[in-house]
1. Of the accessible area of the chain, with the probe set at 1.4 angstrom, what percent is carbon plus sulfur?
2. Of the beta bridges DSSP finds with both residues in the chain, what % are antiparallel, to the nearest 5?
3. For V33 and S50 in the same chain, what is the full-extension length gain: residue separation times 0.36 nm, less their Cα-Cα distance, in nm?
4. Residues with beta-carbon under 15 Å from that of L27, excluding L27: net charge, scoring Lys, Arg +1 and Asp, Glu -1?
5. Please give the direction-averaged projected area of the C-alpha convex hull for the chain, in square nanometres with one decimal.
6. Just subtract the alpha-carbon distance of M1 and D40 from 0.36 nm times their residue separation and send over the number in nm, one decimal.
7. Per-residue HN-Hα couplings for the range 67-74, Karplus 6.51 cos²θ - 1.76 cosθ + 1.60 at θ = phi - 60°, whole Hz, x for Gly and Pro?
8. What accessible area per residue, rounded to a whole number of Å², is obtained for the chain using a probe radius of 1.4 Å?
Amino acid sequence: MGGIAATGAIMVPINFRLSAEEIGYNLTNTEPVMIVVDPDFEKTILDLRSTCPSLREFVTFGPASGIYISFDSLLKSQLGNR
């Protein structure tokens with residue numbers, strides 16, 4: 001969370017117990033440009049993609065697949081830039 005704040009970004013946690021409709025409501029109203037999800041929610045977010053056109057980056061805590069890049073690859077790319 002500190003890293004997010006250090007970049008000037010704002011983190012919007014979304015409760016995993018929400019329905020897809022409630023998640024969509026949160027995404028529509030916060031207009032995120034990046035989302036980081038657990039693999040269990042990849043499909044939900046893909047299904048909601050059309051309701052949240054602000055999303056441009058999709059990150060998963062699982063392995064990269066489709067439009068999702070892996071969180072591990074982000075860490076590795078940042079460590080390589082030091």
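The values are calculated or read from the model by the stated rules, or taken from the named source; none is laboratory data. Not measured: the values here are computed from a predicted model. With ideal geometry, Cβ positions are generated from the backbone for all residues, glycine too; neighbour counts draw on all protein chains shown. Please note that ligands, DNA and RNA were not included when accessible areas were found on the heavy atoms of the full protein model with its side chains. Shrake-Rupley method; radii C 1.70, N 1.55, O 1.52, S 1.80 Å.
1. Carbon and sulfur atoms account for 58 percent of the accessible area of the chain.
2. Roughly 10 percent of the beta bridges in the chain run antiparallel, per DSSP.
3. Once the chain is fully extended between V33 and S50, it gains 4.8 nm.
4. Here the count lands on -3.
5. For the Cα atoms of the chain, the hull's average projected area reads 5.7 nm².
6. Extending this stretch completely gives an extra 11.9 nm.
7. 7, 8, 9, 7, 4, 4, 5, 5
8. Computed with neighbouring chains in place, this is 74 Å² per residue.
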